[in-house]
Every structure is written in structure tokens, then in C-alpha cells.
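**Student:** Quick one: the structure is below, and I'll ask about it shortly.
None of the figures in this text is laboratory data; all of them are computed from the coordinates on show. Just so we're clear, the structure is a prediction, and the values are computed from it rather than from any experiment. Here the Cβ positions follow ideal geometry from the backbone for every residue, glycine too, while neighbour counts run over all protein chains shown.
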Amino acid sequence: MFARASPPSPPPGWTNQQILDLDLEQFAQLSEEDRVLLRSSTRRDPYSPVYRKVNDLDVALQTRNQRPPTPPSFIPPGWTEAQASAALPDFALLDKLSPDDSRLWAAGTVADSAIQAKKNGTLPSSPPAFVPAGWTTEQAICPTFDVLSALSYDDLTRFMQSQAQAATAAATAAATTTATDSNDSISQSNPSPLVQILQRADFPPWGYVIVRTDYSSEARWEKFTQRVLGEMCDAQLDEETGDPADVQRMKDTLEFKLIEDPRLEAVDDDEVRKHFRSMQDQGGIAAGLGLSICLVADKGAVDSAADGSEMPYLVAVDVTEEVVEMGEYGYPGRFKVAAESVLSGLYPKLEMVVSPGSLWAVIDEEGAVWNGDE
């Protein structure tokens, strides 16, 4: 169900079987140039066994070369350390937290981000506008879990909002200051929002679950995957800025997990949610893919790419439990998203926990395509 029939073309000097036979030690002994060649060639077909093989080897090599991760500052009752350490939260678990545990979880998340920023040398030089009573400047710049967990819900929320505003202002100021520098200098000193988000999470596997619901033509499906999941995704990633090594890690860790079965032909959104949650419950979705939406390639979406539309799209289907309750306000639980904005525009907003309903609400016309400008 999860693999496409046609394998990708291996890079020169390799066969697909040679790639599948690689073990971790052999992969580690390859030159970085050879590993980059393997990653770039297999990423163009993210549903194939060779893609999964290279991705698994790459993740295993990175894990082996890294120091043990710092445990999370707060592990909610009943959670495992892995669940508390996930780059993206499990919304089903979050919904079950008590108000106080939710506050402590948020405090832990802020503290862990500060720890990571200190390690990376990316702490801000000055505190945000709101500094809680009794805090020092140093505590406001690099807050610990002890001081954060002592805040009330309102003060913690206000501090987090102030932090976010300061980060946005700093990024804007930095972009303005370096506008006259060379493009390479700008790229390296001002990582794009997507690179920043993945950098803070230490570049986990990221991307989307994609449900295919159109099986009318394999030839048109091939055109869709080549244009939308190949060319247009490559173009977005090539526009991302930051340290070249970070940009490469961003590209290397991108994943699309495809749910593909002819029995899903033209199924409705409820059936899409059912399959998504089933895969999630079975542990088949990495944290970076367990967002509040999954993407659907229905007939309209496939046609938009195969027919050469200027703005091909996919359908974002809200998979949160709250979507049914929101239906009374006119929110259909789905919206079209431009393929050219799926990675650089949509992913950062969802990772920052902007709700799908909020994104839908700013679309001007019914049936219009969200293109990241809203």
C-alpha cells in the first residue's frame, strides 16, 4: 500500500540492489559526496524501498555520531520520554492533559528550546518586551524550567507571545541589516523560517502524509508526482536559506508517506481521517509528519498538475478531533493548498500550531487555493 511500483533510477555506478544491500558501516565509509548523490537521486521517489533504505541509513549514521539527547524538562504523567521529546506534539495526548500539566508542558517546551539555542549559540542578545516580575535579564534571555514552571498560565502565555514577537522583530531587523550583503552571506546568516524550525528540532524526519484517492490514470498520476512532489518541492527547497549544511539536512530529511490503495478511490474526508489515525495509532507516522492535517491527492488535485495548471494544488484535510465541532461555523474541515506553498508556506505555520481552521478562514473565496500569502 505504501510503495510505488516503479523504482527510481540509481545514480551512476550504482544499482538499486547495491543500495538495498548497504549496511551502516559501508554507508559510513562512503565519501560525503557519494552519500549526497544517493540522497538526491532517491529522494525524487520517496515511496520506494531504496529511498527508505538510504533515509534509514542516513538517520542511523546521524544518530550514531550525535551525543545522547538532553532529556525533556517536563514529561507529563503517562507520557514516555520519546513522546515528550518529539519534535511535534501529539495533539491527542495534549488534549488529555489537565490545565496545570498543559501549563507545565508549555513551560518545558520553552525551556528545552532555550537549552537548544544555548547549545547552538543562537540565544537572543536581549530579553523580550515582557519580563516576568522578579526575573533577571539572564533568566528572560535563557529561561529555565524552574522559573518558567513557577509562572501562572497568563504570565507564561504572555512571556511566550513576547518571545515570539521578539524573534520575529529580530529576524526582520537582521534581514534589513544584511540586505546589502551578498546573497550567500544573507542565506547563511538568516535561515528561513522552515530551516529555523527544523534546526531547533535537530532536523527530524519531516513532511506530510499523502492520501491518494484518484486511480483513474497511472500516467496522469506520474505527471502529478513528477511535477508536484518532484519539481515543485525541489524548487521550494532550493529557495530556503541558511547555513549550507543545515539546508542540505533539511532536504535530506524530507519525507512523504503515501497511503495508496485502489480501494480509496474517491473516498470522503472521514475515510481519509480514519486511515490517517489508524496509521498514527500503529506508530507508522514519524513525529514530523504527525501534523494536524494530511494532504489528499484527489482527482481535482491530480488534474490540476497533469493538465498544466499554473497553480496545481493538493487538498489539506484537517485530522484533529475538533474539526467536527467546528463544522457549525461553516468550516468544512478541508481547503486547497497550492503545491508551490506546501513546504515553505504551509509546514512552518502548522508546526507553529496555527490551526487548519485559522488558515481556511483567511481564504477570500469559497474553493480558492491557499497559497501562503495570507
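**Student:** Any idea what log10 I(q)/I(0) is at q = 0.06, 0.15 Å⁻¹ for the chain, Debye with uniform C-alpha scatterers and no solvent?
**Tutor:** Each listed q maps to, in turn, -0.25, -1.55.
**Student:** So, one more: How long is the gain from S309 to T80 if the chain were fully straight, where each residue apart is worth 0.36 nm and the alpha carbon distance is subtracted?
**Tutor:** In short, 77.8 nm is gained.
**Student:** What full-extension length gain, to one decimal in nm, is calculated for Y153 and V267 as 0.36 nm per residue of separation minus the Cα-Cα distance?
**Tutor:** Going from the current span to full extension adds 36.8 nm.
**Student:** Moving to a separate point now. Pairs K274/K349; K223/K274; K257/K349: which are spaced more than 26 Å apart, C-alpha to C-alpha?
**Tutor:** Correct reply: K223/K274.
**Student:** To continue, here is another question. Compute the distance in nm between two label points, each set 7 Å from the Cα along the Cα-to-Cβ direction, one at S113 and one at D202.
**Tutor:** 1.8
**Student:** A follow-up question, please. Quick check: pseudo-label points 7 Å beyond the Cα along Cα→Cβ at S358 and Q282, how many nm apart are they?
**Tutor:** If labels sit at S358 and Q282, their model points lie 3.3 nm apart.
**Student:** Rounded to the nearest 0.05, what FRET efficiency do Q165 and E33 give with R0 = 51 Å and r taken as the Cβ-Cβ distance? Could you check?
**Tutor:** Taking R0 as 51 Å, the efficiency between Q165 and E33 is 0.75.
**Student:** Check the straight Cα-Cα distances from K119 and name the lysines below 24 Å, setting aside those fewer than 8 residues away within the same chain.
**Tutor:** K251
**Student:** Sort 115-122, 198-205 by packing, meaning the average of other beta carbons within 10 Å per residue, with the highest value first.
**Tutor:** 198-205, 115-122
**Student:** Got the relative contact order for the chain handy, in percent, Cα pairs under 8 Å and 6 or more residues apart?
**Tutor:** Result for the chain is 15 percent.
**Student:** Let me ask you something else. Report for region 203-370 the percent antiparallel among DSSP-assigned beta bridges with both residues inside it, nearest 5.
**Tutor:** Roughly 40 percent of the DSSP beta bridges within region 203-370 come out antiparallel.
**Student:** Take every DSSP beta bridge whose two residues both sit in the chain, then give the antiparallel share in percent to the nearest 5.
**Tutor:** Taking every DSSP beta bridge within the chain, about 40 percent pair in antiparallel fashion.
**Student:** Counting only Cα atoms, I'd like the Rg/Rh figure for region 187-340, Kirkwood definition for Rh.
**Tutor:** 0.99
**Student:** D for region 95-174, whole µm²/s, Stokes-Einstein with Kirkwood Rh over alpha-carbon pairs at 4 °C and 1.567 mPa s: what number?
**Tutor:** For these conditions, the coefficient is 100 µm²/s.
**Student:** Could you please state, rounded to a whole Å, how far the C-alpha centre of region 148-170 is from the C-alpha centre of region 272-304?
**Tutor:** Between the Cα centre of region 148-170 and that of region 272-304, the gap is 32 Å.
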